[in-house]
Structures are given as structure tokens and as C-alpha cells.
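Novice: To start, I am sharing the structure in question, which I have written as C-alpha cells.
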Amino acid sequence: MGILNVTPDSFSDGGRFEGLEAARSQAEALVAEGAALVDIGGESTRPGHMPVSAAEEQARILPVIRDLAPRLAVPISVDTYKASTAEAALGAGARIVNDVWGLQREPDIARVAAAHGAPVMVMHNRESIDPDIDIVADMLRFFERSLDIARRAGIPDADIVLDPGIGFGKSWSQHLEALRRLPELKALGFPVLVGVSRKSMLGRLHDAETKPVDRLFGSLSSHVLAATLGADIVRVHDVAPHVDALRVVDAVMRTTR
């Protein structure tokens, strides 16, 4: 999954792809490099971000989705937790809903997805960090609630993807724990998405301070590890090197003999 942020304040590439031409060029580059999905977001979810209204979010993403939907050979997912934005984005040509609040911030988003026959990506999140909890147990309880919302809305299990939410509502050690225990999430029987690309948790492992764009090697190693532990989708800024790395994983781990 290639990341396309059309925001002024995203942690890694805020402001780079705000204009329609810049967004189009980046989306086409992501697909040319091998992205199987393009995830478009209009509100930054970085730590300390400023929330934006649904109207502002839609003003950012809808022209881009309308432009790209007939151009791209891969599906577009909309990165939003707002039901009204999901409705507008699906109407504009997006085909998947990627919700960083796991359908729980605005549960009506599940009804919207079901009405459009759109798969949902359901991410674990927390309002605050509690370093003393068992983060995977918390995740499993969270997903139980999310799955109940999805099923009540009529979303079939086959259209649900789970995301452990690396970088969201967790301490540094809990991020690592969530990755380490990914097989427990896979045991629920759903595809799993993991997104560690360029995140600050990787910078903590470097000997010197790094900018997000300088965290490619950590991103690659994190996603290769996640894939060996069962991740089905990785959400990345740098598509081409991830395609090369994950082809090795597929060749070793997933080829039917």
C-alpha cells in the first residue's frame, strides 16, 4: 500500500503533494513502483496533529480521488475515521476505507462502507498511552468491539483487514511487543496490515537523530519482519525498495512447492 498524504502537516511529507498535479504524479509513481493500493489521506494523524473538519478534509482529498480513480490501475483507499468523508470519498471513486480508529470514533462509517460494498481496514488505537497494560490483550478487546460494529453494519468478515496500529497510542516497548506478537493477531483469521514506514519509533534505534525520510532501512527491516510473522499488507512511503525486499520474503516463505 503506497501512502499519498495530501496534507500540509503529515510527519514525513506534509505539503509535498497538496496540489492536484503533485498528487497525481506521486500516485502514478507509487503504482509504477509496484503499489497494489494507494491510500489517500487528508488529515494528519501524527502525534500532536491538529484535527480538521470533515469539510476541510474532503476539500483536500475529493478532487484528488476524482482525478485518480479513472487513471490508476489499482484501488484507492481513503484514510479517514469520519463517516461523511468516507461517504464522499467512496462516491468519488475510492473503494476501501482505512479507519485509524477501528470504526469506533464514528461507528456510522461501518454502515457507509457496507452500503458501498467497501472493504474496511480496522486499526487499533488508544486515546492515551498506558505502558503498564498488556498491549496485545488490549488490542484483542478493541478488535472484538470493532468486529461487532462491522458485522452489525453488514460488512462481511471477508472484507475486514486488521491493523495493530504501530505508532498509535502505545509506548515504544509496546510498539515492539505488538510487532513481536503479530501471530496472535493473525490467529483471529483476518488479513493483517502493518505500517511502520518512517515512524519515530525507528529513529529511536539510530545512533544519531534522523529525519523521517532517512529511516528507509528501519522501515524495510520492520516490514520484512512483519511479513515473516504473517502481515499481508504493508503501508509504505518507499514502494520500490519494499517490493524488492518483500519479493525475497515471498520467495522464501510463501511459495507453494
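The values are calculated or read from the model by the stated rules, or taken from the named source; none is laboratory data. The shown structure was predicted, so the numbers you read here are calculated from the model rather than taken from an experiment. Quick reminder, even Gly has a Cβ in these numbers, built from the backbone with ideal geometry, and neighbours come from all protein chains shown. With ligands, DNA and RNA removed, areas are computed over all heavy atoms of the protein, side chains included. Shrake-Rupley method; radii C 1.70, N 1.55, O 1.52, S 1.80 Å.
Novice: Which members of region 181-207 meet the condition of being assigned to a loop (DSSP other than H, G, I, E, B) and open to solvent by less than 60 Å² (accessible area, probe 1.4 Å)?
Specialist: R181, F190, P191, G195, V196, S197, R198, K199
Novice: Given the residues A187, A153, A137, which is the only one that is over 29 Å from L30 (Cβ atoms), of a type outside the set (V, I, T) and touching a Lys or Arg at 6+ places or on another chain (Cβ under 6 Å)?
Specialist: Result of the check over A187, A153, A137: A153.
Novice: Let me ask something else. Would you confirm, using the coordinates I've provided, whether D238 is more than 26 Å from V136 (Cβ to Cβ), open to solvent by 20 Å² or more (accessible area, probe 1.4 Å) and under 15 Å from the mean Cα position of the chain (by Cα)?
Specialist: Considered against the rule, which asks whether it is more than 26 Å from V136 (Cβ to Cβ), open to solvent by 20 Å² or more (accessible area, probe 1.4 Å) and under 15 Å from the mean Cα position of the chain (by Cα), D238 comes out as yes.
Novice: Is it true that I40 is at pLDDT 95 or above, among the hydrophobic types (A, V, I, L, M, F, W, C), surrounded by 21 or more Cβ atoms within 10 Å (Cβ to Cβ) and farther than 24 Å from P212 by Cα?
Specialist: It is false that I40 is at pLDDT 95 or above, among the hydrophobic types (A, V, I, L, M, F, W, C), surrounded by 21 or more Cβ atoms within 10 Å (Cβ to Cβ) and farther than 24 Å from P212 by Cα.
Novice: From the list P51, P63, which residue is surrounded by fewer than 18 Cβ atoms within 10 Å (Cβ to Cβ) and modelled with pLDDT of 90 or more?
Specialist: Unique residue meeting the criteria: P63.
Novice: Search region 4-37 for residues being of a type in the set (D, E) and either in contact with a Cys (Cβ under 8 Å, 6 or more places away or on another chain) or open to solvent by less than 70 Å² (accessible area, probe 1.4 Å) (or both), and hand back the single one that is modelled with the lowest pLDDT.
Specialist: D9
Novice: Exactly one condition in (1) open to solvent by less than 10 Å² (accessible area, probe 1.4 Å); (2) assigned to a helix (DSSP H, G or I) is not met by L90; state its number.
Specialist: Failed condition: (1).
Novice: Return yes when V122 is β-branched (V, I, T), buried (at least 17 other Cβ atoms within 10 Å of the Cβ), under 21 Å from A27 (Cα atoms) and at pLDDT 95 or above and no when it is not.
Specialist: no
Novice: Right, another one. What about P131, is it open to solvent by 40 Å² or more (accessible area, probe 1.4 Å), touching an Asp or Glu at 6+ places or on another chain (Cβ under 6 Å) and not aromatic (F, W, Y)?
Specialist: no
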